[in-house]
Amino acid sequence: MIATHLSPALKQYRFPSPLHSTSHNHHLPVHLPLPRRHRNFAKPAAAAPDLLASVESVVSAASVLAAIVLVHESGHFLAAASRGIHVSQFSIGFGPALARFRLGPVEYALRAIPLGGYVGFPDDDPESGFAPDDPDLLRNRPVPDRLLVVSAGVAANLAFAFLIVYAQALTVGVPVQAQLPGVLVPEVLPGSVAARAGLLPGDIILAVPGAAPDPSVPVLVDLIKASPSREVPLTVSRAAPGAVDRRSVELTVVPDTSADGSGRIGVQLSPNVRVTRVRPQNLADATVLAVREFTLLTGTVFDGLRQTLLNFSQSADKVSGPVAIIAVGAEVARSSADGLFQFAAVINLNLAAINLLPLPALDGGTLALILLEAARGGRKIPREVEQGIMSSGILVVLMVGMFLIVRDTLNLDFIKEIL
């Protein structure tokens, strides 16, 4: 399934088993499950040049997504080929085939449902011509070979993410954030407590007098949650329209009480940072910058996934499918073509992180079953049990994936205008 969480690493631009399964094939799928930062998808432009630019940005984002899926599946495919394991299918997408061709024993296909992809193995295909005890069938290979094949998709995405960051360092430079005082307010919900109190998008909350003289996002969030129906004074820095200088404004908000008893004021908060680009002087500098940025992005993505899983009841609505990924990617492309580097790297890392989860229909679920077999001294899990586990996961992933596509499509601005 293609879904993911849009990592905080993208905030600097302002702008996580098969789904197609037959009775005779074993598949290694790609799943991209993503927590979204916002839904401010760009509105369709009226002018022809703007429309063309919008189409180009959507195509750019979709191409990035397709390339990431291709890399993931190529990892599985090449690992199997390197060990002499029989492969029968290589597919991008699921469902009905839009285009297909055969090269040797492998059928390559582009399919209609954009929820990922898979590599198919003829392990249970009675028409494959392979004997059930053929040593080159995936299921008959030793544990290390199967671990290699199943984990190769994640490894390919990690390697691809690093190459993207390295290319970014060599071409446009690596973004470096400088922390500035205060907490930025990128968005204020219309009609919310914050809007009624006079808080505006672009304001910077410098202090909460008497409580937080130099607030951070977590401190401010905790303070608001702990103050339902109580006055919270804010010292805000605000830029006048058309002016460069900012002025200080004193406001007071009274948080609403949410269903769980905590306070809320209806704003989006983010760290107040200034982003600059550092360009390397030579290949050695580029390598150091790329390693540093890759490490930072990887830590941010995995920590974001951990926070999402630990607070899933509060963050479930932030999970997005391929429509939202492409929409946000198109927004990034429109803002700056340079941002596509960061977008592609973060989506690659999200895909790697999600697929490591030990859930049915994900690479991590298959890895868990293989490791369980190894812990049992090499005694294989009954085929019926394994297929039942994976089939149930496939059904859930398919249902969630289709739900995300429909929901994200209905949340696109131009669809809302039509409706």
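Some observations on this one:
- Boolean, V87 is surrounded by 16 or more Cβ atoms within 10 Å (Cβ to Cβ) and part of a loop (DSSP other than H, G, I, E, B): yes
- Test for R274: is it in a loop (DSSP other than H, G, I, E, B), among the basic types (K, R) and exposed (fewer than 15 other Cβ atoms within 10 Å of the Cβ): no
- Within the range 116-151, the set of residues being surrounded by fewer than 23 Cβ atoms within 10 Å (Cβ to Cβ), small (G, A, S) and over 19 Å from A374 (Cα atoms) comprises S128, G129, A131.
- Taken together, S74, S88 contain a single residue that is among the hydroxyl-bearing types (S, T, Y) and within 21 Å of the chain's Cα centre (by Cα), which is S74.
- Failed condition for R196, given (1) farther than 22 Å from R274 by Cα; (2) at pLDDT 90 or above; (3) part of a loop (DSSP other than H, G, I, E, B); (4) open to solvent by 60 Å² or more (accessible area, probe 1.4 Å): (3)
- Scanning the range 305-315 for any residue that is at pLDDT 70 or above, assigned to a helix (DSSP H, G or I), basic (K, R) and open to solvent by 30 Å² or more (accessible area, probe 1.4 Å) turns up at least one such residue.
- Options A368, A324, A330, A344; residue that is under 30 Å from F294 (Cβ atoms), among the aliphatic types (A, V, I, L, M), modelled with pLDDT of 75 or more and buried (at least 24 other Cβ atoms within 10 Å of the Cβ): A344
- Any hit, the range 285-301, residues being assigned to a loop (DSSP other than H, G, I, E, B) and open to solvent by less than 60 Å² (accessible area, probe 1.4 Å): no
- Residue within the range 102-115 that is of a type in the set (G, A, S), at pLDDT below 90 and either crowded, with 22+ Cβ neighbours inside 10 Å or not in a loop (DSSP other than H, G, I, E, B) (or both) present: yes
The values are calculated or read from the model by the stated rules, or taken from the named source; none is laboratory data. Owing to the predicted nature of the structure, the values given are computational and were not obtained by experimental measurement. Every residue, glycine among them, receives a Cβ derived from its backbone with ideal geometry; neighbour counts consider all protein chains shown. We work out accessible area using only protein heavy atoms, side chains counted, and drop any ligands, DNA or RNA first. Shrake-Rupley method; radii C 1.70, N 1.55, O 1.52, S 1.80 Å.
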